[in-house]
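Participant: I have a structure I would like to understand better, so I am pasting it below and will then ask my questions one at a time.
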Amino acid sequence: MAALAKTTKVAVVGTGAMGAGIAQIAAAAGHEVLLFDSREGAADKAIAGIAGQFSRLAEKGKLSSAEASAASGRLHAATELQGLSDAGVIVEAIVENLEAKQGLFRSLEAIVGPTALFATNTSAISVTAIGAALAQPERLAGLHFFNPAPLMALVEVVSGLATSSSVAETLYDTAKAWGKSPVYTKSTPGFIVNRVARPFYAEAQRVLQENGADVATIDACCKEGGGFRMGPFELMDLIGHDVNLAVTKTVWAAYYHDPRFLPSLIQQELVAAGFLGRKSGRGFYDHRPDAAAPSPDTAADARDALALAGPITLYGQTAAAQALRERLSAAGQTCLLAEADDDRIAQVGETVVYVTDGRTASHRAFSSGQANTVVIDLALDYRTAKRLAVAAAEGASATAGAQAIGLLQTAGFAVSVFHDVPGLIVMRTVAMLANEAADAVNQGVCTVAAADTAMRLGVNYPLGPLAWADAIGLPRVRDVLAHLGQAYGEDRYRISPLIHQRVFGTKAFYD
């Protein structure tokens, strides 16, 4: 199929932030755009705001003055729905309420021509359910933009059960022609992004609830070790806990209370207290003007303990081991090289260091008979990571912990010591993100490439979860999930059948 011609009129119903953003995109792409809002004066106000945006873009040199003026001139307010009768596509961006959306599209069916396309910007409501109220449900699809729509590249093109493939293809090609990066997805709860992103918030809240580390430390490890642009608690404070909790509850309920999407009692308490994040002044962080920003817990300098420990031995060819070797060598530290019959990456004196495999350090110590066991977290790139989370086994000596910390500090890492929780924070989060993305692919919701594109562009992850799983190694991801499941005894950590299939078939996601 081809994108809609620029001669096609685009109507946008609902002129809040999302509706206005979509109208701006369509007008910038060369379409005449009709804006309608049931609130008196709202459409005119939105047009004035969009025109102001075009003027600012011209001032910055991103548009010429003529282009900005022409784009603004393509915006028109409609005073009633009947004014949208000659639109070729109508994009709905009204309140997130099923009955309201169904009522709007029923009214539009009686107004517009039979070939006009319907698109809903819903982020959570079933496109199938919205379309069920229509005489021609095949012409309705989801066109889910992300806020702020003019800046965010991702658009989820959502097919309901009755959506015509040609309609979905036309909207996909149109979004692409508008400068966006669309992905196809089926109408399932949360689509791609709002479904796959749940573990990013959930695992951090669980580690916090278990006193694994404090909010600032968890966020710092996710950013400085995991490469995420924002930590989970920072992001929840930005989104608003009322909004974030509502999405989690919606997805959880839609999946018949699947424990994988279980909401957090911590976030529920914040909402109950009115601590909604930045917009209320308090959330996980205190955002009031006189509040001091908390610092992450960082271990004191323990490099003296390393100097007293004797030779350092590095093991294996894993990314962590190779990066540790490079960083220690750059610091002038001499190391011995050896192979091991397990997956340890380093040994200092009697202290053995592993990358977490989802077990606690105490579990690993018990299994190996090495009391002085320390585990380190996953990093996006161990060569450039600034911070790592570590945990020592309950039976490890204080000297053992200091030696491991000194080793990492000598390699240039800031070290945050966690309580001995399974999987630390980055490893368990990435494993769960990959697991949820794999399940979405396994259930036909989207492709591997669409899942990764959606998470990179929709929530700015440094890697798509499935590409990240390939980089870690699918057997390791499966082991992490299995060990989390053993530690908690919950179906929350069940392993996607697709991960099992790829591991048993010795295939990566991108083979």
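Participant: If you scan region 295-329, which residues turn out to be of a type in the set (G, A, S) and touching a residue at least 24 places away in the same chain (Cβ under 8 Å)? Walk me through it before giving the result.
Facilitator: Restricting attention to region 295-329, the residues satisfying the condition of being of a type in the set (G, A, S) are 295, 299-300, 302, 305, 307, 309-310, 316, 319-321, 323, 329.
Scanning region 295-329 gives S295, A299, A302, A305, A307, A309, G310, G316, A319, A320, A321, A323.
Participant: Kindly list the number of the only condition in (1) part of a strand (DSSP E or B); (2) more than 19 Å from A87 (Cα to Cα); (3) not hydroxyl-bearing (S, T, Y) that fails for I130.
Facilitator: Result: I130 fails condition (1) only.
Participant: Counting residues that are modelled with pLDDT under 95, touching a helix residue (DSSP H, G or I) at 6+ places or on another chain (Cβ under 6 Å) and outside the structural domain of G358 (by TED's automatic domain parsing), which helices (runs of 4 or more DSSP H) fully inside region 412-511 reach at least 1?
Facilitator: none
Participant: Looking only at region 78-93, which residues are surrounded by fewer than 18 Cβ atoms within 10 Å (Cβ to Cβ) and closer than 19 Å to G49 by Cα?
Facilitator: Selection gives T79 alone.
Participant: Looking at region 376-414, which of its residues are of a type in the set (D, E, K, R) and free of Cβ contacts under 8 Å to residues at least 60 places away in the same chain? Can you show your working first?
Facilitator: Initially, region 376-414 is screened for residues of a type in the set (D, E, K, R), giving 377, 381, 383, 386-387, 394.
Selection gives E394 alone.
Participant: Please work out which one of (1) farther than 28 Å from A71 by Cα; (2) surrounded by fewer than 20 Cβ atoms within 10 Å (Cβ to Cβ) is the condition G179 fails and give its number.
Facilitator: (1)
Participant: Which residue pairs have Cβ atoms under 7 Å apart, sit 6 or more places apart or on different chains, and have a first residue in region 38-61 that is among the hydroxyl-bearing types (S, T, Y) and a second that is in a helix (DSSP H, G or I)?
Facilitator: S55/A68
Participant: Right, here's the next one. Give the residue, chosen from T163, T170, that is of a type in the set (V, I, T) and either part of a helix (DSSP H, G or I) or surrounded by fewer than 24 Cβ atoms within 10 Å (Cβ to Cβ) (or both).
Facilitator: On the way: T163 fails: either part of a helix (DSSP H, G or I) or surrounded by fewer than 24 Cβ atoms within 10 Å (Cβ to Cβ) (or both).
The conditions single out T170.
Participant: Then there is this: For region 357-386, name all the residues that are touching a Pro at 6+ places or on another chain (Cβ under 8 Å) and under 16 Å from V417 (Cβ atoms).
Facilitator: T360
Participant: If you scan region 349-407, which residues turn out to be of a type in the set (S, T, N, Q) and assigned to a loop (DSSP other than H, G, I, E, B)?
Facilitator: First, pick out the residues of region 349-407 that are of a type in the set (S, T, N, Q): 351, 356, 360, 362, 367-368, 370, 372-373, 384, 397, 399, 403.
Within region 349-407, T356, T360, Q370, N372, T384, S397 meet the criteria.
Participant: May I pose another question? Of V430, V417, V480, V445, which residue is closer than 20 Å to A204 by Cβ, touching a residue at least 60 places away in the same chain (Cβ under 8 Å), surrounded by fewer than 24 Cβ atoms within 10 Å (Cβ to Cβ) and not hydroxyl-bearing (S, T, Y)? If you could, list the steps in order and put the result at the bottom.
Facilitator: Numbers: V430 fails: surrounded by fewer than 24 Cβ atoms within 10 Å (Cβ to Cβ); V480 fails: surrounded by fewer than 24 Cβ atoms within 10 Å (Cβ to Cβ); V445 fails: closer than 20 Å to A204 by Cβ.
Result of the check over V430, V417, V480, V445: V417.
Participant: Checking V112 against (1) in a loop (DSSP other than H, G, I, E, B); (2) more than 34 Å from the chain's Cα centre (by Cα); (3) exposed (fewer than 15 other Cβ atoms within 10 Å of the Cβ), which single condition isn't satisfied?
Facilitator: Here V112 clears every test but (3).
Participant: Right, another one. Between D341, D357, D381, which is modelled with pLDDT under 95 and acidic (D, E)?
Facilitator: On the way: D357 fails: modelled with pLDDT under 95; D381 fails: modelled with pLDDT under 95.
Within the list D341, D357, D381, the selection yields D341.
Participant: Go through A396, A371 for me and flag whichever is surrounded by fewer than 24 Cβ atoms within 10 Å (Cβ to Cβ), touching a helix residue (DSSP H, G or I) at 6+ places or on another chain (Cβ under 8 Å) and small (G, A, S). Please lay out each step first, then the result.
Facilitator: On the way: A396 fails: surrounded by fewer than 24 Cβ atoms within 10 Å (Cβ to Cβ).
Just one listed residue meets the conditions, A371.
Participant: So which residues in region 464-511 are β-branched (V, I, T) and touching a Gly at 6+ places or on another chain (Cβ under 7 Å), if there are any at all? Write out each step before concluding.
Facilitator: Initially, region 464-511 is screened for residues β-branched (V, I, T), giving 472, 477, 480, 495, 499, 503, 506.
The one that is β-branched (V, I, T) and touching a Gly at 6+ places or on another chain (Cβ under 7 Å): V480.
The values are calculated or read from the model by the stated rules, or taken from the named source; none is laboratory data. Remember, predicted model here, so these are calculated numbers, not experimental data. Reconstructed Cβ throughout: ideal geometry from the backbone, glycine too, with neighbour counts over all protein chains shown.
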